[in-house]
1. Taking the stretch 241-275 as the region of interest, how many residues are out of contact with any Pro (no Cβ under 9 Å at 6 or more places or on another chain) and assigned to a helix (DSSP H, G or I)?
2. Looking at Gly414, is it within 17 Å of Asp248 (Cβ to Cβ), in contact with a Leu (Cβ under 9 Å, 6 or more places away or on another chain), crowded, with 24+ Cβ neighbours inside 10 Å and assigned by TED's automatic domain parsing to the domain that holds Ile299?
3. Restricting to the stretch 61-84, give me the number of residues that are surrounded by 15 or more Cβ atoms within 10 Å (Cβ to Cβ) and over 22 Å from Val103 (Cα atoms).
4. Looking only at the stretch 34-60, how many residues end up being surrounded by fewer than 24 Cβ atoms within 10 Å (Cβ to Cβ) and either assigned to a loop (DSSP other than H, G, I, E, B) or at positive phi (or both)?
5. Take Phe126 and tell me if it is hydrophobic (A, V, I, L, M, F, W, C) and at pLDDT 95 or above.
6. Against the conditions (1) more than 19 Å from Gln111 (Cα to Cα); (2) in contact with a Lys or Arg (Cβ under 8 Å, 6 or more places away or on another chain); (3) without any contact (Cβ under 8 Å) to a residue 40 or more places away in the chain, where does Arg219 fall short? Just the number, please.
7. Return the only residue of Ile88, Ile68 being in contact with a Cys (Cβ under 9 Å, 6 or more places away or on another chain), outside the structural domain of Phe344 (by TED's automatic domain parsing) and in contact (Cβ under 8 Å) with a residue 12 or more places away in the chain.
8. Of all the residues that make up the stretch 324-347, how many are assigned to a loop (DSSP other than H, G, I, E, B) and either surrounded by fewer than 18 Cβ atoms within 10 Å (Cβ to Cβ) or modelled with pLDDT of 95 or more (or both)?
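The values are calculated or read from the model by the stated rules, or taken from the named source; none is laboratory data. The structure presented is a predicted model; accordingly, all values stated were derived computationally and were not measured. Positions of Cβ are backbone-derived with ideal geometry, glycine not excepted, and every protein chain shown enters the neighbour counts.
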Amino acid sequence: MMKARSLVQAEANTVDHLEIIGGRKLEGHVKTSGAKNAVLKLMVASLLANNHCLIRNVPRISDVETMIGVLKGLGAEVAWEDEDSLLITPTHGLSYAAPDEFVREMRASVQVMGPLLTRVGRVKLFQPGGCVIGQRPIDLHLKGFQALGAEVIEEHGYVFVQAKKLKGTEIHLDFPSVGATENIMAAAILAEGTTVIRNAAKEPEIIEEQNFYNRLGARIRGAGTDTIRIEGVARLNDRFIDYMVIPDRIEAGTFMIAAAITGGEVTIEEIIPEHVEALASKLRETGVDVEIREEEIRISSQGKFRAVDVTVLPHPGFPTDLQPQMTALLSMAEGTSVITENVFNSRFRYVDELIRMGALIRVESRSAIVKGVPKLSGASVYAPDLRAGAALVVAGLAAEGRTVLEGLQYLDRGYEKMEEKLLNLGAEIKRI
């Protein structure tokens, strides 16, 4: 029995983990990478191109590598042109069935449905995987396809959608779903007539897709508002596309919170200020000094915070992808904060890990009641999903002593060179 336990322990010790010694103020400058949630969708959008697409400012993260696998499995040619540029060439013989092994790994693979339905006329997809942060059904995607005239069959864990001809129509989403908005928009590009999506999601990444598709020859307007209008075209153009991706607002926000919680002074470069307004406003409420410039933002903090209430809402509200990191900061605020999550119903799975570090948090349905404590203590913790991992890194940076974080496969899905960037800001952090 002792020998078996030793073998188990030895195997656990071989798992990659981060070791963080907390208590160091972050200081200096850090550049934001390209937006994960935009890059993945633009890679998929390239399936509709009639020529090469060069996408620049692409982060080297595992989700991008997974999406490369999806595109190659469909028959597209994908190659790194340099450190952060991808060249994608869709072929005329694209498959309609995305490879299961990649689709199981990543939720964003569902976005191939709209482009494939448009270009190939049919698509077969295994129900997608990704982070377990609550129910994320694709019902709204499928209802949108059906409204455009497609037939939908669901069986044995697969979704099969086909259409001989799609026709424009008016679609009202029950909820401003980002994925459904994107998929319906793509499916309507070559549809006959005009499609209007009402109660559409307003995220900046959707504006990126509109701009990209319009470069291909689509006629889309209204992205960034709750009404998007797509005038169907007979054919897209043959232009070579060279496109620079916007900076990642969630990565920028994570570094903003990390600077604040450590009592540091950090300038985050390569940002679009409007994309982090909701977070900037909340940080100011807590007492953090936030100075916004043209393409950068400076965070200065004394490491002391006032409690505030946070309500997570679709864009332009407070983003769900920054809720865990903000909860980590508020766990050290003076007073009691209430964080209400209105997007994903299982987003508080990380709370037990913060409690392990000394936080006082009680979860009630969709809300977390956070009573601030003077300090957090380093502990061994596990990241149950991508943004939870970022929150635990943030907490570890401020905690007294040593924090060991496992579950890095989630963190690596969305953050490029996170340890290197934090090291450059003065953190004591290393991957083992």
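1. Result for the stretch 241-275: 10.
2. So Gly414 passes the test.
3. The number of residues fulfilling the criteria is 1.
4. 6
5. On the way: hydrophobic (A, V, I, L, M, F, W, C): yes; at pLDDT 95 or above: no.
Taking the combined requirement at face value, the residue does not satisfy it.
6. (2)
7. Going through Ile88, Ile68 in turn, the sole match is Ile88.
8. Count: 7.
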